[in-house]
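Undergrad: First, the structure itself, so that you have it in front of you.
Read-outs: derived from the displayed coordinates by stated rules, not from any lab. The structure displayed is predicted, hence computed values, not measured ones. Cβ sites come from the backbone with ideal geometry, for glycine too, and all protein chains shown count toward neighbours.
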Amino acid sequence: MTDFLLLGGIALCVISVVLAVVQLLRLQPPRAAAVTLIVGIVLIFAAAYLDPQPFQVSDIGEAWSQVTETVPENP
């Protein structure tokens, strides 16, 4: 569960940067980007709260590999 929250939060934070650039190029206030960034940060904090171990940068790669690993089929 914490892997999904961590990766989802990071993805939303990256998307918020893209949204901010697009909205600023269109001369609009980046409200959607700010909301997306806040939701991403909340997801990262929720993952940190639920996981008893402190996060490290290497945890991002480990979370990605755990989420994308293939499940062997039953014979």
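Undergrad: I'd like the orientation of helix 58-68 relative to the chain: the angle between its Cα long axis and the longest Cα principal axis, in ° from 0 to 90, rounded to 10.
TA: Helix 58-68 sits roughly 70 degrees off the main axis of the chain.
Undergrad: Which residues does a label at Thr68 reach in region 1-20, if reach means a backbone N under 14 Å from a point 7 Å past the Cα toward the Cβ?
TA: Inside the label zone: 7-8, 11.
Undergrad: Continuing with this model, one more query. Helix-only estimate, please: 222 nm mean residue ellipticity of the chain, summing -39500 (n - 2.57) across DSSP H runs of length 4 or more and dividing by its residues, to the nearest 500.
TA: -25000 deg cm²/dmol
Undergrad: Another question about this same structure. Over the chain, what relative contact order in percent results from Cα pairs under 8 Å that are six or more residues apart?
TA: 43
Undergrad: To continue, here is another question. Given the Cα atoms of the chain, and with Rh set as the inverse mean 1/r over their pairs in the Kirkwood sense, what is Rg to Rh to two decimals?
TA: Taking Rh as the inverse mean 1/r over Cα pairs, Rg/Rh reads 1.14.
Undergrad: Pick out, in residue order, every one of the GluC sites (Glu not before Pro) in the chain that is DSSP loop and has at most 13 other C-beta atoms within 10 Å; say none if there are none.
TA: Glu69, Glu73
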